[in-house]
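Undergrad: Would you mind keeping the following structure in view while I ask a few things?
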Amino acid sequence: MKAIVIALTVVSVALAEAPSHPDKLTYPPLDYLVPKPEDFRTTLANGVVVFIAEDHELPTLDVSATVRVGSYLDPAGKEGLAAAMGDQMRNGGTEGMEPQALDERLAFLAANVSSSVDLTKGTVSLSCLAKDADEALGLFFDVLRRPRFDEGRLALYKQETLQRMKGRNDRTNGIEDREWDRLMYGDHPETHLATKPSVEAITRQDLVDFHAKYYFPRDVILSVAGDFKREEMLAKLEAAFGGWADRDERVAPIAAPTNEPAPGVYMFPKTKVNQGRVSIGHLGIQRTNPDHYATTLLNYILGGGSFTSRITGRVRSDEGLAYSVNSRWQPGTYYPGVFRIAFQSKSETCAFAAKLCVEEMQKAIDAGVTEQELSGAKSYYVESFPNRFSSKREVVNTFADDEYTGREKGYYERFRENVEKVTLDDVKRVAKAYLHPDKLVIVVVGDLDAIRKGIAAHPATFDELGKVTELPLSDPFTLKR
Amino acid sequence: MPRLFACLLLAASAAFAQEIAVEEFTLDNGMKFLIVPRHETPRVFCAIMFRVGAVNERPGITGISHILEHMMFKGTHTLGTSDAKADAAANDAIEQVWVDIRKDRAAVSDVERKGVPVPDDLAQHLAGLMAKYEPLSKDQKAIIVKDDLWERYMRNGGTNLNASTGEDSTQYFVEVPSNKVELYFWQESDRMHDAVWREFYSEREVVKEERRLSVESTPTGCIDEAFESMFWQAMPYTWPVVGWMSDLDAITPADLEAHYRTFYAPNNAVGVFVGDVDAKRVRELADEYFAPLARGPKPPPPVVTKEPPQVGERRMVAEAESQPSIEVAWHTVAARHADEPALSLLKGILDGKTGRLYKRLVLEKKLAIDAGASSDLRRWAGEFGITVKPKEDADLAEAEREALAVVDEGASTPPTLDELQKVKNQLLAQVVQRMRSNQGLAFIIGRSELNGSWRDVKGQLDAVEKVTVYDVVDVAKKYLTAQGRNVLWVKRKAPEPGVDPETAMVEKTLNRIKGMWHDMKDPAARAQMLEQARARLGEVKNAELRKKAEDTLNELEKQQ
């Protein structure tokens, strides 16, 4: 009987089956067959890889092209070129349509076409109603293959970019993320941000040249899901690539950073804010490292598993020092990622909260984790696993992304097994091997006078956590300090 | 077992029809359930939505709906504690200390209001009480099962686990594996009638940090809040959902209990389930877990305050470290008013990159980098707004004049049929696109049910289809008046010239050596001092600054 203490009028309802505690609930088994990439993968006549899935739940069509390009290819002095080109593929019109006409037509169809280039990837995507598939697909391929790069729109884009750039130091989170990356990666495309001179130097011809240099059929991986018949859709895709010449060579992927982050506390001033932002961490591992299952579980227990994790429990729930506090340990795709604890706290308690985070890190190294914590973490990853494939759209997008980044074959089939295999000793070992309290970089942004002052009830200073360096904010336009 | 089955037929035009199979039932206690089976993945998105939010608060307890949402994760007599009896005793002991703390704090407020310093004995007494509270709270941790409810959802594969509070509604949700839906019923029915307010005082600090994060430490957070307060003169939308800081400090567990008992009754709740589940199973579980909960003693009180007609334009001019912006807002109508569809179309005609505001202000006049419109119709009243992001060097008055000219044209000249049809197409497509995810669909039908019925989703789309170009002119004329304007300007404020630490160090070093130079006659001592200063200044990173420092030292050296 479930203990319910409420109005007497309701006790007659049959409660016989409800157990007295949710841990006594029993659940029927759940078989889940992991989708396999080969069931969705096909290649067009020209060799273009397509992941395709029919989905008749709603009358929609989603297409995404992933392109082998990235802002890591920006020439020195033209930082921001790849991003500008990515934006202007869609916003600068197509050979057949002025930008305004393209905007109007897509808006009328309520079809969304967007294009972008980030650090390691180019994307063009389409989302529309299935009834408009033919016309919308035509416009999508025009954006991908035949961008117009209208001069007026480029001027507008540069203007917007420079105005946004002026606000680079407006928000503390913007300052924190930028300085964190600079301290982690040093001189590397991760930190080669656009500046006023570099944006002003970008011309329409640069966009045309960049597109001509990197956009070839075999650089594209397509993912397609929606309300269509597979064979008909494939025929349309074949036709859409017609007459697009290819080339043999492929672009080299992004190089790994060589920077060795210098441990210490780096403080950046921002007046008129009553809350400071703090990031604590160091370099992490790459996803090809077989230990990434163990580090993922360790991080879940330490600070990645929201309220179930130690750092969140201590800093937020016990002490009430922060609303958002967590640690992230995403293994890098092309090179080691970072381990990063981050929180925001009122200025006076920043140092104390930082000290608690470092203490929790040290505890995990010294004493490992408990059986109960590890089983909870494993159970989360195993039980929530199907969530990665919650729709056909996500299935094809995930597999297209894996194809692009070259993820090991059979990763998802073995994922749950690999999680289950991790032992307490593994977690203890990776805590010692990959957590480095002696190498911590700590970034602090906020009202530094108030932060230094601390709070009498919990005395703590950042000097206890490393050599403190106070740095000025960079000029938003040149990024020079 | 009575069960209703119906289809949500999105038939906005002959060319397009889409059915969504919604099943529904209502328990005797008034709790409503909506179910949409979808078997793509063995998971179910589960949500319970309550008709309560900031609009149901009053001055003194603003933010309580949101704090209550946080506190709902702290557990019950069964969840979150290993010893319910000792836990209750600990909560009582803590509360007794806080009764005294509140008395002291009221006394502190009294003297602060008069502008006199807080007397030492009062400050000491208060500090003594805090020192009494802290160990009590620490001792209680031994019998607290930390974030028990949350941990159990995650251990069982719950994702998208969260809750949110708005002006009109509060919702709790999680996506669970389809074989574990019963866990959701167990935990949610338990906390719906048996919540315990443990760890209240530390959680209140968390909420204050949330307020600092989302409002006070952002460039325009406090300005936006002040503008909303100016906009709503009388309606209880005048305070922010997160609440005023002073009220957060004043809210008590007794206030929470009253709010909870009034609004968390089954007859004020809607359960929504979308995913790999069928209505029969939901009905069985609802009968078992939610049917025993008692209907609230009386229906939650309606909001009675109405916004008085605005008597003249209102204006706020503020400065922030942010891009400049202009906002103009007008009062309109509540959700489900007959003018809602025409207002949606008016918004669509003004908004977006092909909307009239963007075309005029950004593309034609080149006064702004962005411009758009919004229509926010809440349960009890509504707001229509336009926003312009002027260029940094633009004249705000000119940008405002142009934007208002576009609005006035909307009130005098009908849109073209193409413009109208474009927005109709977009409104339909938006609903369809949002329905792709289980959560999106759940919130569309759930929100609609809170405001009336989930069937209104279709009703609204049908009504949109019927709107004519003249209806759009009519609502623009009726609501977007000169007298009804609320205008906000945010101008960029130059950042405080913070002294760069390196510059400060250079200046200090140079001043020191200059000050001592003429008193120091011994050439060896001078040379030594120069050498030390050169070594120190040689480390300066800023090349320009380093050069200037070196030049100064060279000048000094020549004066020998």
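Undergrad: Residues to consider are B:159, B:76; find the one that is touching a helix residue (DSSP H, G or I) at 6+ places or on another chain (Cβ under 8 Å), within 14 Å of chain A (Cβ to nearest Cβ) and over 30 Å from residue B:303 (Cβ atoms).
TA: B:159
Undergrad: Return the residues of the stretch B:401-438 that are out of contact with any helix residue (DSSP H, G or I) (no Cβ under 9 Å at 6 or more places or on another chain) and either buried (at least 21 other Cβ atoms within 10 Å of the Cβ) or facing chain A (nearest Cβ under 9 Å) (or both); say none if nothing qualifies.
TA: B:430, B:432, B:437, B:438
Undergrad: If residue B:184 satisfies all but one of (1) over 25 Å from the mean Cα position of the chain (by Cα); (2) facing chain A (nearest Cβ under 9 Å); (3) buried (at least 22 other Cβ atoms within 10 Å of the Cβ), what's the number of the condition it fails?
TA: The one condition residue B:184 does not meet is (2).
Undergrad: Another question about this same structure. Considering B:190, B:168, B:194, which residue is at pLDDT 95 or above, surrounded by fewer than 19 Cβ atoms within 10 Å (Cβ to Cβ) and of a type outside the set (Phe, Trp, Tyr)? It would help to see each step written out before you state the result.
TA: Numbers: B:190 fails: surrounded by fewer than 19 Cβ atoms within 10 Å (Cβ to Cβ); B:168 fails: surrounded by fewer than 19 Cβ atoms within 10 Å (Cβ to Cβ).
Every option except B:194 fails the conditions.
Undergrad: Between A:305, A:320, A:337, A:313, which is within 30 Å of residue A:406 (Cβ to Cβ) and facing chain B (nearest Cβ under 10 Å)?
TA: A:305
Undergrad: A further question on this structure: Please determine, by comparing only the residues of the stretch A:139-154 that are more than 12 Å from chain B (Cβ to nearest Cβ) and free of Cβ contacts under 8 Å to residues at least 60 places away in the same chain, which one is surrounded by the most Cβ atoms within 10 Å (Cβ to Cβ).
TA: A:143
Undergrad: How many residues are under 19 Å from residue B:446 (Cβ atoms) and under 14 Å from the mean Cα position of the chain (by Cα) if we restrict to the stretch B:49-65?
TA: 4
Undergrad: Please go through the stretch A:361-385 and pick out each residue that is in a helix (DSSP H, G or I) and away from chain B (no Cβ under 14 Å). Give the steps one after another, and end with the answer.
TA: From the stretch A:361-385, those in a helix (DSSP H, G or I) are A:361-367, A:371-383, A:385; that's our starting set.
Residues satisfying the conditions are A:361, A:362, A:363, A:364, A:365, A:366, A:367.
Undergrad: Right, residue B:357: more than 13 Å from every other protein chain (Cβ to nearest Cβ), at negative phi, touching a Phe, Trp or Tyr at 6+ places or on another chain (Cβ under 9 Å) and not basic (Lys, Arg) or not?
TA: It is false that residue B:357 is more than 13 Å from every other protein chain (Cβ to nearest Cβ), at negative phi, touching a Phe, Trp or Tyr at 6+ places or on another chain (Cβ under 9 Å) and not basic (Lys, Arg).
To keep it simple, each residue is scored yes or no on (1) under 53 Å from the mean Cα position of the chain (by Cα); (2) in contact (Cβ under 8 Å) with a residue 60 or more places away in the chain; (3) surrounded by fewer than 10 Cβ atoms within 10 Å (Cβ to Cβ).
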site: B:507; (1), (2), (3): yes, no, no
site: B:513; (1), (2), (3): no, no, no
site: B:516; (1), (2), (3): no, no, no
site: B:523; (1), (2), (3): no, no, yes
site: B:531; (1), (2), (3): no, no, no
site: B:538; (1), (2), (3): yes, no, no
site: B:542; (1), (2), (3): yes, no, no
site: B:548; (1), (2), (3): yes, no, no
site: B:556; (1), (2), (3): no, no, no
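Undergrad: Going through the stretch A:188-243 one residue at a time, which ones are over 30 Å from residue A:475 (Cβ atoms), free of Cβ contacts under 8 Å to residues at least 40 places away in the same chain and among the acidic types (Asp, Glu)?
TA: Scanning the stretch A:188-243 gives A:231, A:232.
Undergrad: Given B:103, B:74, B:85, which one is basic (Lys, Arg), modelled with pLDDT of 95 or more and under 30 Å from the mean Cα position of the chain (by Cα)?
TA: None of the others qualify; the one that does is B:74.
Undergrad: Then there is this: Which condition breaks for residue A:320 when tested against (1) touching a residue at least 12 places away in the same chain (Cβ under 8 Å); (2) not in a helix (DSSP H, G or I)?
TA: So residue A:320 meets the others, but not (1).
Undergrad: If you don't mind, another one. State whether the residues of the stretch A:244-254 include one that is part of a helix (DSSP H, G or I), free of Cβ contacts under 8 Å to residues at least 40 places away in the same chain, out of contact with any helix residue (DSSP H, G or I) (no Cβ under 9 Å at 6 or more places or on another chain) and not hydrophobic (A, V, I, L, M, F, W, C).
TA: No.
The values are calculated or read from the model by the stated rules, or taken from the named source; none is laboratory data. Here the structure is a predicted model, which is why all the values come from computation and not from measurement. As a convention, Cβ positions derive from the backbone with ideal geometry for all residues, glycine included, and neighbour counts pool all protein chains shown.
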